[in-house]
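First comes the structure, then the notes that go with it.
The values are calculated or read from the model by the stated rules, or taken from the named source; none is laboratory data. Please read all numbers here as calculations on a predicted model, not as lab measurements. Ideal geometry is used to build each Cβ from the backbone, glycine not excepted, and the neighbour counts take in all protein chains shown. Heads up: the accessible areas ignore ligands, DNA and RNA and are worked out on the full protein's heavy atoms, side chains in. Shrake-Rupley method; radii C 1.70, N 1.55, O 1.52, S 1.80 Å.
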Amino acid sequence: MSTESHAGMVERLVPFRATIFAEMSALAVAHDAINLGQGFPDTDGPASMLAAAVDAINDGQNQYPPGIGVPVLRQAVSRHQRAHYGLDYDPDTEVLITVGATEAIAGAIVGLVEPGREVVMIEPYYDSYAATVAMAGGVRRTVPLVPDGDGFRLDRDRLAGAVTAKTSLILVNSPHNPTGTVLSDGDLAEIARLCIEHDIVAVTDEVYEHLLFDGRAHRPLATFPGMRERTLRISSAAKTFNCTGWKVGWLSGPPELVAAARAAKQFMSYVGSGPFQPAVAHALDHEMPWVTGSAARLQHQRDLLTGALRDAGFGVHRSEATYFICADPRPLGFDDAAQFCRELPATVGVAAVPVSAFVDDHDSWRHLVRFAFSKQEHVIAEAADRLRSLHS
């Protein structure tokens, strides 16, 4: 072991012993700062969903649910995907309920990746991706998003070069955290082509599937020709219904891929979120109009924060979806986003996270900061006033 403080920890997990979210949230608390770092909303989801959870608790649904999830939720997930995307999944063999999307990703990777095999992922990547690949003993290969006007696009040439005979799967996140990018149909088609040509699996993290802006529509990779049979599609209730603490996620795909993820998942949590599962089923069936309104509110909050960041002197990148917007503080004289984010809670009372926490190529991304706009309008307004002091 490299240092005494790491004694007992396997070497491949040493880089993941703490998350950037824990560090920045702790700084926010210490300095009474507005936390625009961690991606959680500060309002509850639909009232009928909350009431359904209370009813389930009062009805005694407080013991272990079935390992694959309660039938009513598996059926609701299946109906939801059929209605929105024309994807038809058998709720008994092709849907698995998980403890959030994070566990779905972990189950998929641990269940499908042999030690030494490679996982291709888009950079920046959500931090649990790299940690989970390390837990599986796999090797990550990253493909960057590249500038596209004031937004980003996939580097398709680098993607093609990253796929080798050792590749087990491609891990795709769209809508994308942390940049708010929605991959184009052309980008998704190239991913599909490579998966089919090399006979590899795609695992798709689509937790922001309903939170797109400016008239954009989400298209799952599994809807492309030849991809349903080789894609594990992951989503969750957390972002869709403002219930990040419930940890109710799911994955869908062909039976053999779902079985692989289930084999790993059942020895992680086994089960979880018992009384919340029927409540999420209710929301999937009855509260999608609420979600449409939530997406509209998020778009308005994005616009407020975009304007505030520009007024403060940041360069601001386009956010097409999610909870997040990326900003460049170099016009304000800061070229190290990690240092900037560690100082920001104390200097102006706002917390954010550096994008460099989600990459291997730190030099290319060291200048960007991710802000979350999933907060009430008055909170964003107060954060905006504080951030403007950077310009003075």
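Determine, yes or no, whether GLY253 is in contact (Cβ under 8 Å) with a residue 40 or more places away in the chain, small (Gly, Ala, Ser), touching a Lys or Arg at 6+ places or on another chain (Cβ under 9 Å) and closer than 27 Å to VAL54 by Cβ.
In short, no.
Taking the stated definitions as given, is PHE314 modelled with pLDDT of 95 or more and open to solvent by 20 Å² or more (accessible area, probe 1.4 Å)?
No, not satisfied.
Kindly provide the set of residues from segment 328-357 that are closer than 19 Å to ASP127 by Cα, open to solvent by less than 10 Å² (accessible area, probe 1.4 Å) and in contact with a Lys or Arg (Cβ under 8 Å, 6 or more places away or on another chain), ordered by number.
ALA337, ALA352, VAL353, PRO354, VAL355 - these are the residues of segment 328-357 that are closer than 19 Å to ASP127 by Cα, open to solvent by less than 10 Å² (accessible area, probe 1.4 Å) and in contact with a Lys or Arg (Cβ under 8 Å, 6 or more places away or on another chain).
Return the residues of segment 58-91 that are in contact with a helix residue (DSSP H, G or I) (Cβ under 7 Å, 6 or more places away or on another chain), outside any helix (DSSP H, G or I) and over 19 Å from MET227 (Cβ atoms); say none if nothing qualifies.
Correct list: GLN61, PRO65, ILE68, GLY69, VAL70, PRO91.
Looking only at segment 11-29, count every residue that is outside any helix (DSSP H, G or I) and open to solvent by less than 70 Å² (accessible area, probe 1.4 Å) and tell me the total.
1
Would you confirm whether or not segment 187-194 contains a residue that is within 20 Å of the chain's Cα centre (by Cα) and more than 12 Å from VAL120 (Cβ to Cβ)?
Yes - at least one qualifying residue is present in segment 187-194.
Limited to segment 164-182, what total is found for residues that are open to solvent by 10 Å² or more (accessible area, probe 1.4 Å) and either more than 24 Å from VAL110 (Cβ to Cβ) or of a type in the set (A, V, I, L, M, F, W, C) (or both)?
Of the residues in that region, 2 qualify.
Quick check, is VAL10 within 25 Å of THR322 (Cα to Cα) and aliphatic (A, V, I, L, M)?
no
Can you say whether ALA372 is crowded, with 18+ Cβ neighbours inside 10 Å and under 30 Å from ALA237 (Cα atoms), as far as the supplied structure shows?
Criteria met by ALA372.
Looking at ILE57, ILE34, ILE68, ILE122 in this structure, which one is within 18 Å of the chain's Cα centre (by Cα) and touching a residue at least 12 places away in the same chain (Cβ under 8 Å)?
Going through ILE57, ILE34, ILE68, ILE122 in turn, the sole match is ILE122.
Just to be sure I understand the filter: pairs with C-beta atoms under 8 Å, separated by 6 or more residues or on different chains, first member in segment 139-155 and of a type in the set (Asp, Glu), second member surrounded by 15 or more Cβ atoms within 10 Å (Cβ to Cβ). Which pairs pass?
Hits for this filter: ASP150/VAL316; ASP150/HIS317; ASP150/ARG318; ASP155/VAL143; ASP155/PRO144; ASP155/LEU145.
Considering only residues that are hydroxyl-bearing (Ser, Thr, Tyr) and more than 30 Å from ILE325 (Cβ to Cβ), look in segment 30-66 and name the one that is most open to solvent (accessible area, probe 1.4 Å).
So the residue we want is TYR64.
Could you grab the pairs with beta carbons closer than 9 Å, sequence gap of 6+ or different chains, first residue in segment 266-285 and open to solvent by 50 Å² or more (accessible area, probe 1.4 Å), second one modelled with pLDDT under 95 and not aromatic (Phe, Trp, Tyr)?
none
Just give me the residues in segment 293-305 being of a type outside the set (D, E, K, R), touching a residue at least 24 places away in the same chain (Cβ under 8 Å) and open to solvent by 20 Å² or more (accessible area, probe 1.4 Å), in sequence order.
Scanning segment 293-305 gives GLN299, HIS300, GLN301, LEU304.
From (1) assigned to a loop (DSSP other than H, G, I, E, B); (2) hydroxyl-bearing (Ser, Thr, Tyr); (3) without any contact (Cβ under 8 Å) to a residue 60 or more places away in the chain, pick out the condition that doesn't hold for SER168.
Exception for SER168: condition (1).
With (1) part of a loop (DSSP other than H, G, I, E, B); (2) open to solvent by less than 60 Å² (accessible area, probe 1.4 Å) as the list, and LEU96 as the residue in question, which single condition is left unmet?
The one condition LEU96 does not meet is (1).
What are the residues in segment 218-236 that are in contact with a strand residue (DSSP E or B) (Cβ under 9 Å, 6 or more places away or on another chain), without any contact (Cβ under 8 Å) to a residue 40 or more places away in the chain and either in a loop (DSSP other than H, G, I, E, B) or at positive phi (or both), if any?
Across segment 218-236, the qualifying residues are PHE224, MET227.
Counting just the residues of segment 201-217 that are assigned to a loop (DSSP other than H, G, I, E, B) and surrounded by 17 or more Cβ atoms within 10 Å (Cβ to Cβ), which one comes out farthest from the chain's Cα centre (by Cα)?
So, considering only residues that are assigned to a loop (DSSP other than H, G, I, E, B) and surrounded by 17 or more Cβ atoms within 10 Å (Cβ to Cβ), the one farthest from the chain's Cα centre (by Cα) is PHE213.
Does ALA101 satisfy the condition of being in contact with a helix residue (DSSP H, G or I) (Cβ under 8 Å, 6 or more places away or on another chain), in a helix (DSSP H, G or I) and open to solvent by 10 Å² or more (accessible area, probe 1.4 Å)?
Criteria not met by ALA101.
From the list ARG158, ARG153, ARG140, which residue is more than 29 Å from GLU256 (Cβ to Cβ), charged (D, E, K, R) and in contact with a helix residue (DSSP H, G or I) (Cβ under 9 Å, 6 or more places away or on another chain)?
From the options ARG158, ARG153, ARG140, the qualifying one is ARG153.
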